[in-house]
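*Asks:* The structure follows.
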Amino acid sequence: MSALIEVKNLTLKFRTDEGLVTAVDDVSFTIDKGQVMGLVGESGSGKSVTAKALMHLNAKNAVYSPESKITLHTENGPVDVLSLKTARELKVVRGGAISMIFQEPMASFAPAITIGDQMVEQLQLHGDLSKAKAKAISVEMLDRVGISDPARRFDQYAFELSGGMRQRAMIAMALSTKPKLLIADEPTTALDVTIQAQVIDLMKDLVTEFHMGIIFITHDLGVIAQTADKVAVKYLGRIVEEGPVREVIRNPKHPYTQGLLAALPKLDDLDAPLTPVAGDIPSPLERPSGCVFHTRCPKIIGDVCKSKLPHDTQVDGSHRVACHLHTEVPA
Amino acid sequence: MSETLIKARDLSVGFKIGSGFFGKSILKAVDHVDIDIEKGSFFGLVGESGSGKTTLGRALLKAVPITGGTAHYADGEVDYDLTTLAGPELKDYRKRAQLIFQDPYAALSPRMTVRDIIAEPLEVMGLTKTREETDARVREIAAKCRLNLEHLRRFPHAFSGGQRQRISIARALVSGPKFVVADESVAALDVSIQADVLNLLKELQRDLKITFLFISHDLSVVAHTCDHLAVMYLGRLVESAPTREVFKAPRHPYTKALFSAIPSLDPDDRGSAQKLEGEIPSPTNQPPGCKFHTRCPFVVDRCKVEEPVLEHPGDGHEVACHRWRELADTLAA
Ligand SMILES: Nc1ncnc2c1ncn2[C@@H]1O[C@H](COP(=O)(O)OP(=O)(O)OP(=O)(O)O)[C@@H](O)[C@H]1O
Ligand SMILES: Nc1ncnc2c1ncn2[C@@H]1O[C@H](COP(=O)(O)OP(=O)(O)O)[C@@H](O)[C@H]1O
Ligand code: SF4
Ligand code: SF4
Ligand SMILES: [Mg+2]
Ligand SMILES: [Mg+2]
């Protein structure tokens, strides 16, 4: 396995009127070629911000810590993503080696330009292609994602397509430049389960076919179980647990991961009560000391949780967790 | 023993749209629906986007005009014919029937305190006479929705998705409604917030004796929450029964397909489920015969020409499919 992208000690704060707000806190992970990583966590846990950092795409008020490092491995050697500045330098991580699909497909299509023209434009921006060749590739891609009558759809506008079709068109556009890493930020959250099932199937086929790495962001653990090889669980900007998807779902170690699983409605036991994670997610301005989860943790050990940040502990192979229950607490 | 709170027969809602070649055309959003909602029940309504759930809910709240059929509301105190309701009686019905939007990003006015947001319906409907009375009522309902005094003084932007949900719920319930339509937007809530909201709604159903019409995309959520489940497709009710019956043995191929599409939490159970192909047809261009026939894996010639009606087989498990008897074993498996 060779690493496609390595994220090391990524910390990102936003400058706001109310002060600095931490969105990502000392996050490290690696995605290999052809690997699908799921990223789960409550809304506001910093999933989207992390994903955008990989494309160096966060808002102007974003401040990265000096330790933050993101390395993308390309055919032409490693790229230090956070040092890219000009539009020309950034091309490789924005639609070149990295592509992104969003939760709301309308947002990624300009309303007044046909889907085809946007796909062609995108392709020509990233490769030396004639218009005719770019059109041929686009139509083929639309066909590939299961859009019927692709030549006609090519000339339509995004608003003329149904929700599921739009999502497919967006996937087609994101994949047309043959990215090495695809970032899918809640790509199925706005879809019906029926259409979600179709899109999940499509994405699985595409991984096999194009051998890309994928970051699949969602708050639905079922979707993760169906798509990912490994999963990282985020809470308040930190990765609290990471490991192979089977391990994390069957044998969750972090109280927060356990809480997320307990909150899920289960079809095989309709009488089981739904147990939400107690309490509310703290405001980003009131970041808890010590373990960031201690204000809601049902298994809190004591003062150590309130004062000392738990470090990653390897529990089993590549399964790691950041919780004092799993560290040797020094006497 | 059980009383019916809402009873609708052949209920239809059509919207006039565009001005085509032949003049205006009608979009049938709700099409000849029979529905009985028992008093005190938690009634679930599911179906894909565009199947008419919201429109049916809004029709029962008299928020969109009913264009065909009948609908009655009877809570023991009043008995209203919703098709003709007007004037002071309609105003009274607005207190008794309320809508909750299940959307954590729902617009809560940023310039009003939480107290004022919750109090607004009382003031608009003139339900309280003094500020003290309003405050008491707001505090009471806020407490039931697990919001404290500190929360009431603050502005909504400072709240998390879960808290915003509780604010919306308190606002909907402050007028003391007996019937509440809880409509979930497509973008689902986080699982933890969702579990919290569901538990809260169930508590309120028990404590305040509210009848809920719970609209959702998520069958697994409905299964955990609702006593009764109805499934809609293209404006039609295709199946309706006590939740457990539907789970044990769905009778409509569409219901079965909705179950199969729920992503399994078991990583080793990938893609075993039978997937539904294609998308829900446009309501302006509805297929003839059974509306589901363009996607149904069990379609036969008859389905393409003759529309099945909702059958009432006598066991309380209603279904609209020509082949439900012969498919029973296949679908229950
Ligand atoms: N005011 C209106 N004018 C015209 N058409 C409408 C109107 N309101 C709803 N519709 C149409 O009626 C149909 C049913 O819509 P409805 O909102 O009831 O569906 P739904 O089941 O609630 O969908 P979702 O799951 O997306 O909320 C849709 O085709 C919709 O576009
Ligand atoms: N431009 C910005 N300015 C200030 N805060 C921001 C900005 N973008 C995101 N945030 C904050 O960063 C945190 C993480 O956001 P996000 O990554 O969107 O969460 P998620 O995708 O997990 O729901 C949130 O508290 C959010 O409000
Ligand atoms: S470190 Fe303590 S508070 Fe944090 S998750 Fe572990 S037990 Fe809970
Ligand atoms: S009537 Fe025919 S097409 Fe319709 S659901 Fe039944 S079998 Fe399928
Ligand atoms: Mg996000
Ligand atoms: Mg709706």
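*Asks:* Average partner chain C-beta neighbours within 10 Å, per residue of B:121-129? Present the calculation step by step, with values, prior to reporting the outcome.
*Replies:* Working: counts 0, 0, 0, 0, 0, 0, 0, 0, 0.
Mean partner-chain Cβ count within 10 Å for B:121-129: 0.
*Asks:* Specify the angular offset, from 0 to 90 degrees and rounded to the nearest 10, of the alpha carbon long axis of helix B:161-173 from the longest principal axis of the alpha carbons in chain B.
*Replies:* Helix B:161-173 and the main axis of chain B meet at about 80 degrees.
*Asks:* While we're on this one: When the helix-only estimate is applied to chain A (DSSP H runs of n ≥ 4, each -39,500 (n - 2.57), divided by the residue count), what is the mean residue ellipticity at 222 nm, nearest 500 deg cm²/dmol?
*Replies:* On the way: 12 runs with 104 residues, N = 331.
Using -39500 (n - 2.57) per qualifying helix, the result is -8500 deg cm²/dmol.
*Asks:* What residue among A:N251, A:N58, A:N76 has the largest mean-square fluctuation in a Gaussian network model of chain A, using Cα springs under 10 Å?
*Replies:* It is A:N76.
*Asks:* May I ask for the accessible area buried between chains B and A, both sides summed, probe 1.4 Å, to the nearest 100 Å²? Numbers along the way, then the final one.
*Replies:* Values: alone 16570 and 16020 Å², together 28720 Å².
For B against A, buried area totals roughly 3900 Å².
*Asks:* Can you tell me the length gained on complete extension of the stretch A:H311 to A:R287, counting 0.36 nm per residue apart and subtracting the Cα distance?
*Replies:* Values: separation 24, 0.36 × 24 = 8.64 nm, distance 1.73 nm.
So the chain would gain 6.9 nm between A:H311 and A:R287.
*Asks:* Sort B:R139, B:R171, B:R153, B:R164 by heavy-atom solvent-accessible area, probe 1.4 angstrom, most to least.
*Replies:* Values: B:R139 115, B:R171 80, B:R153 160, B:R164 40 Å².
Ranked list, largest accessible area first: B:R153, B:R139, B:R171, B:R164.
*Asks:* A drop of at least 30 square angstrom in accessible area, chain alone versus all protein chains together, probe 1.4 Å. Which residues of region B:205-233 meet that?
*Replies:* B:H217, B:S220, B:H224
*Asks:* Please identify the longest segment of chain B free of exposed chymotrypsin sites (Phe, Trp or Tyr not before Pro), where exposed means a DSSP state other than H, G, I, E or B and no more than 16 other Cβ atoms within 10 Å. Before the final figure, lay out each step's value.
*Replies:* Values: sites that count: B:F21, B:F22, B:Y105.
In chain B, the maximal stretch lacking such sites is B:106-333.
*Asks:* Along its three principal axes, how long is chain A when you only count alpha carbons? Whole Å, largest extent first please.
*Replies:* On the principal axes, chain A reaches 70, 50, 43 Å in Cα extent.
*Asks:* With the crude spin-label approximation of a point 7 Å out along Cα→Cβ, what separation in nm comes out for A:N76 versus A:R152?
*Replies:* With each label placed 7 Å out from Cα toward Cβ, I get 4.2 nm.
*Asks:* Using a 1.4 Å probe over the heavy atoms of the protein chains, calculate the carbon and sulfur portion of the accessible area of chain B as a whole percent.
*Replies:* Details: 7610 of 14610 Å².
C and S fraction of accessible area: 52 percent.
*Asks:* Could you tell me the convex hull volume per residue, in Å³, taken over the Cα atoms of region B:4-332? Each step should come with its number before you reach the end.
*Replies:* Details: hull volume 52.2 nm³, N = 329.
Convex hull of Cα atoms, per residue: 159 Å³.
*Asks:* Another question, if that's okay. For chain B, take the longest principal axis of its alpha carbons; what is the angle in degrees between that and the long axis of helix B:87-96, to the nearest 10 within 0 to 90?
*Replies:* Around 90 degrees separate the two axes.
*Asks:* A:I215: accessible area at probe 1.4 Å, nearest 10 Å²?
*Replies:* Accessible area of A:I215: about 0 Å².
*Asks:* Sticking with this one: How far is helix A:115-126 tilted off the main Cα axis of chain A, in degrees rounded to 10, range 0 to 90?
*Replies:* 80 degrees
*Asks:* Considering amide H positions built from the backbone, and no H for Pro or chain starts, which residues 5 or more places from B:V30, or on another chain, come under 5 Å of its amide H?
*Replies:* The list, which skips near neighbours in sequence, is B:V13.
*Asks:* Each residue of region B:218-234 in turn: what ³J(HN,Hα) in whole Hz from Karplus with 6.51, -1.76, 1.60 and θ = phi - 60°, glycine and Pro shown as x?
*Replies:* Once rounded to whole Hz, the list reads 9, 4, 5, 5, 4, 4, 7, 10, 9, 7, 10, 10, 10, 10, 10, 9, 6.
*Asks:* Taking H placed 1.01 Å from N in the peptide plane, check which residues at least 5 places from B:Q98 or on another chain put their amide H under 5 Å from its amide H.
*Replies:* Correct list: B:F179, B:V180, B:V181.
*Asks:* For a Förster distance of 41 Å, can you work out the FRET efficiency between the beta-carbons of B:D268 and B:K304, rounded to the nearest 0.05?
*Replies:* So, using R0 = 41 Å, E works out to roughly 0.60.
*Asks:* How large is the Rg to Rh ratio of region B:218-333 when both quantities use alpha carbon positions and Rh follows Kirkwood? Walk me through the intermediate numbers first.
*Replies:* Working: Rg = 14.2 Å, Rh = 14.9 Å.
Value, to two decimals: 0.96.
*Asks:* For the protein assembly as shown, what does the accessible surface come to per residue with a 1.4 Å probe? Please give it in Å².
*Replies:* Working: 28720 Å² over 664 residues.
Value returned for the protein assembly as shown: 43 Å² of accessible area per residue.
*Asks:* Considering every pair of different Cα atoms, what Kirkwood radius, in Å, is found for the protein assembly as shown?
*Replies:* On the way: mean 1/r = 0.0372 Å⁻¹.
Kirkwood hydrodynamic radius for the protein assembly as shown: 26.9 Å.
*Asks:* Quick one: length gained pulling A:A136 to A:N9 fully straight, 0.36 nm per residue minus the C-alpha distance?
*Replies:* Numbers: separation 127, 0.36 × 127 = 45.72 nm, distance 4.22 nm.
The A:A136-A:N9 span can extend by a further 41.5 nm.
*Asks:* OK, next. Using a Gaussian network model on chain B with a 10 Å cutoff between Cα atoms, which of B:L258, B:L27, B:L149 fluctuates the most?
*Replies:* Greatest mean-square fluctuation among the candidates belongs to B:L149.
*Asks:* Still on this structure, I have one more. Cross-link partners among lysines for B:K275, C-alpha distance below 26 Å, same-chain residues fewer than 8 apart left out?
*Replies:* A:K204, A:K230, A:K266, B:K53, B:K248, B:K256, B:K291, B:K304
*Asks:* Then there is this: For region A:253-327, state the semi-axes of the equivalent ellipsoid (square roots of 5 times the eigenvalues of the alpha-carbon gyration tensor), sorted largest first and rounded to whole angstrom. Could you put the intermediate results ahead of the total?
*Replies:* Numbers: eigenvalues 116, 64, 19 Å².
Working from the Cα gyration tensor, I get semi-axes of 24, 18, 10 Å.
*Asks:* Now for a separate question. Mind checking region B:48-130 for trypsin sites (Lys or Arg not before Pro) that DSSP puts in a loop (not H, G, I, E or B) and that have at most 15 other Cβ atoms within 10 Å?
*Replies:* Working: sites: B:K53, B:R58, B:K62, B:K91, B:R94, B:K95, B:R96, B:R111, B:R115, B:K129; in loops: B:K62, B:R111, B:K129.
When the trypsin sites (Lys or Arg not before Pro) of region B:48-130 are filtered for loop state and at most 15 Cβ neighbours within 10 Å, B:R111, B:K129 remain.
*Asks:* Under unit Cβ charges (Lys, Arg +1; Asp, Glu -1), what dipole magnitude, rounded to 20 debye, does the protein assembly as shown have relative to its Cα centre? Display every interim value, and only then the final one.
*Replies:* Values: 79 positive and 85 negative charges, 286 e Å.
Computed about the Cα centre, the dipole is about 1380 debye.
The values are calculated or read from the model by the stated rules, or taken from the named source; none is laboratory data. What you see is a predicted model, and the numbers here were worked out from it, not measured in a lab. Heads up, the Cβs are rebuilt from the backbone with ideal geometry, glycines too, and the neighbour counts pull from every protein chain shown. Just so you know, the surface numbers come from the protein's heavy atoms only, side chains and all, with ligands and any DNA or RNA stripped out. Shrake-Rupley method; radii C 1.70, N 1.55, O 1.52, S 1.80 Å.
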